[in-house]
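What follows is a set of notes on a single structure, which appears directly below.
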Amino acid sequence: METLDLKIAAATAGIVDGFEPRSWLPLSDPRGRRVLVSDGDRTVVAALLSGTGVAEAEAEDYAAALLRGLLPHTAVAFPQVIGRRTVSADQYAGAGEEIRVSVPLPGTPVSTIAFADSPALVDALAGFLAELHSADPGEIADSGLPVLDSAEERQRLLDALDAGAATGHVPSSLLTRWESSLENVATWRFFPCPVHGGLSEDALRTDGDAIAAVTDLGALHIGDPAADLAAVTALLAPDAVEAFFRTYRRLRTASDPGLRSRTELRSELTALDWLLEAHRSGDPADLADATALVQSLAALTAGPAASRGPYGGDDTAGTRTAPDQDDSDLQDPLSSPDPADPHTPVTASASAQQDSRPGDGTAPASTGASSNTSAGTSSGDAARPAVRAADVFRPTAPLGGDIDEEAAASVPTERITDPEDR
């Protein structure tokens, strides 16, 4: 609607001091109307936001301001708002409640192909996340954003596992496989750090072989770095994943023996997230697709090499049978030897990702659950293509050995609340 875009462009004159718009270009963005506006000397992006969009933008603005202070020497740019104004919805065809003007982000939208073509770009992504995960967590903890220690992170995943078991659609072999990892105390000893929390190709912009900007910051928190690294595995081919981890480990020296195991686990649990989302939606076709994916993942991870699961434990029967199950009598993995059978963990496939990012690179992060679960178009389709784990997940290299339990035991895991904890 050209009239609405023109109104948005004209509004920038009253929001940015000394700015008189002369040209404008509408931008494609699923979150709402966005217009690139220029006065000949300066260029800005003006966005018309609804109530939900305003709340999301506020969260990102707050997180971006924190990161600019937390990472003062980083070469990566974050979204920066330079003005805003509340408007009448009637004046803008009921399409929004606020016009927000920001600085255009540098670089261009990334794609999974770019990572496949550029090992240097993979290293750049590893470098940014190592920088973020090594930053002082106290600044974010003091800001009021969520802080999750290792026990809380583990409990959230156990709750999701209980919810999955309650649906009756998760094979017992997968329940045991995942539960075995969640019950391995050594795996879950880590010190919480700043975590992006919404990483995807939609959140990244690149300039050649460099990460130029990072967006979708609304889920920034203190927690498990493996959450970000699991998201990375969805963007990269298996050999690139190994290169990523080599660079990341070289640049981030914090002791975290269970990091790779948690990353692999979180990647697999993406399938569970999709199943739970489909179950909540109540759509029979989506639920059938998600169930097929989970069952295919069970088949993919089965076999002699996975008979004890990728993280230790017996993978022959499900033991998590009800959400209220008491796990106080479960054996502490640290008290007994952990089998070292070979295995092949899996991660979300980069080839299964669809690059649908708008041209201005400000689209919201992909959740995965909504974008990848359904293989068909509606519950009335005559034939819906089968969803297979091999289409969404593919093997990465084995973990390479048991977790160093002695090193894990020395890692502090306390919640970050006081300056002396930092």
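Brief remarks on what is shown
- For segment 184-205, filtered to residues that are among the small types (Gly, Ala, Ser) and part of a helix (DSSP H, G or I), the residue that is modelled with the highest pLDDT is Ala203.
- Residue pairs whose Cβ atoms lie under 8 Å apart, separated by 6 or more positions or on different chains, with the first residue in segment 1-26 and in contact (Cβ under 8 Å) with a residue 12 or more places away in the chain and on the phi > 0 side of the Ramachandran plot and the second part of a helix (DSSP H, G or I) and crowded, with 18+ Cβ neighbours inside 10 Å, do not occur.
- The set of residues in segment 257-268 that are part of a loop (DSSP other than H, G, I, E, B) and either surrounded by fewer than 23 Cβ atoms within 10 Å (Cβ to Cβ) or modelled with pLDDT of 95 or more (or both) contains only Pro257.
- Matching residues, segment 223-255, being surrounded by fewer than 22 Cβ atoms within 10 Å (Cβ to Cβ), of a type outside the set (Gly, Ala, Ser) and assigned to a loop (DSSP other than H, G, I, E, B): Arg252, Thr253
- The selection criterion, being part of a strand (DSSP E or B) and among the β-branched types (Val, Ile, Thr), holds for Ile82.
The values are calculated or read from the model by the stated rules, or taken from the named source; none is laboratory data. Fair warning: this is a prediction, and the values are worked out from it, not measured in the lab. Cβ coordinates were reconstructed from backbone atoms using ideal geometry, including for glycine residues, and neighbour counts include every protein chain displayed.
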